[in-house]
Every structure is written in C-alpha cells, then in structure tokens.
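Where a number appears in this text, it was derived from the coordinates with a stated rule and is not lab data. Since the structure is predicted, the reported quantities are computational estimates derived from the model, not experimental observations. A quick note on method: Cβ atoms are made from the backbone with ideal geometry, for glycine too, and the neighbour counts reach across all protein chains shown.
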Amino acid sequence: MMDIPDINVWLALVDENHMHHDTALAYWNLGSADQMAFCRITMLGFMRLCTQPRVLSRTLTNAETWDIYQRYLATPKLAFVAEPDNLDVHFLTLTRDTGLPNRCWTDAYLAALALATNTRLVSFDADFQRFHQLNFLHLTAAQP
C-alpha cells in the first residue's frame, strides 16, 4: 500500500514547533504505509507554504525547501506519483456535484489522484471525509 500525505502532513513533519508535529511524526514512524508519495500538487504546496512567512515557526528559503524535498525523495520510503491516464475520470466524478464547495477543488484533485492510483490519502483536513469512496486516514492530535 502507498500513502499520499496532504500538504498539512508534510508541513507538520518539517516543523518541530507545529501543533501537529508529534502526530505527524508518529504517523511517519508507526502509521504510514511502506511507501509514501509526493505528487505535483503536494510538492508545490509544500514548497510554497514552507517559504511563506507565518506558516512555519521559521520561514524557509527556496534552497532549504528544495533540500528538504530532495532528502525526502532520496529515502527508500518516498516516491513521486505522476498523474495516471484515468485521473480525469475520477476528478470529473468528484467535482460534478454542485454541492462541492469551491474551497475543495484541490481536495477533490488529491482524492481523485488517490482513487486513480489506488493509494490512501492522509491529512489533518476532515474535508476529505466528503469523498466516501476514498481510502482516507484522518490524522488527529490523538493519533495515529
């Protein structure tokens, strides 16, 4: 099995002062799948937010962010997942519903990617629970 952690999991992992750092670290050490993956959305979001003032306890430089990302990818546990050909079918299915809040487009994309690649999505964001067919691990402060 493979996990695709959401951006909020990656941010909590890299910042020891993050309110969810301990939970993210416990997930990394005990609760994660054998393989974990970045995708283009989580990679870009991670890089953008690491370099944004007031997101982490210390704003990182572009070079620091690249170094962290490359160190993650260099570990045997990490991979990069590209978009599969069937992604749009899942994305369309998840977003055709007019009840989808506009703030959930990226969530729907990540959910579609997880469905298309048969992976588990991991996040601190409960909004992913709206995608009932999704294999989803909702991290909370009391987990994993």
The range 73-144, dipole about Cα centre (Lys/Arg Cβ +1, Asp/Glu Cβ -1), debye to the nearest 20: 200 debye
Which of ASN118, MET2, HIS132, positive extreme of dipole for the chain (C-beta unit charges): HIS132
Degrees, to the nearest 10: 62-74 long Cα axis against longest axis of the chain: 70 degrees
Ellipticity estimate at 222 nm from DSSP helix runs (n ≥ 4, -39,500 (n - 2.57)) divided over the chain, nearest 500: -12000 deg cm²/dmol
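Going by average Cβ neighbours within 10 Å, how do the peptides 72-85, 12-25 rank, with the highest at the top? Kindly include the intermediate steps, with their values, before the conclusion.
Working: 72-85: 13.0, 12-25: 16.9.
Peptide ranking by packing, descending: 12-25, 72-85.
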Potential extension, GLU16-MET1 segment - 0.36 nm per residue separation minus Cα distance: 2.7 nm
Cα-based shape type of the range 72-129, given that a ≥ b ≥ c are square roots of the gyration tensor eigenvalues and the cut on a/c is 1.5: oblate
Magnitude of the charge dipole, the range 2-138, Cβ model with Lys/Arg +1 and Asp/Glu -1, debye to 20: 160 debye
Cleavage-rule hits (trypsin sites (Lys or Arg not before Pro)) in the range 25-65: DSSP loop, at most 12 neighbouring Cβ within 10 angstrom: ARG54, ARG58
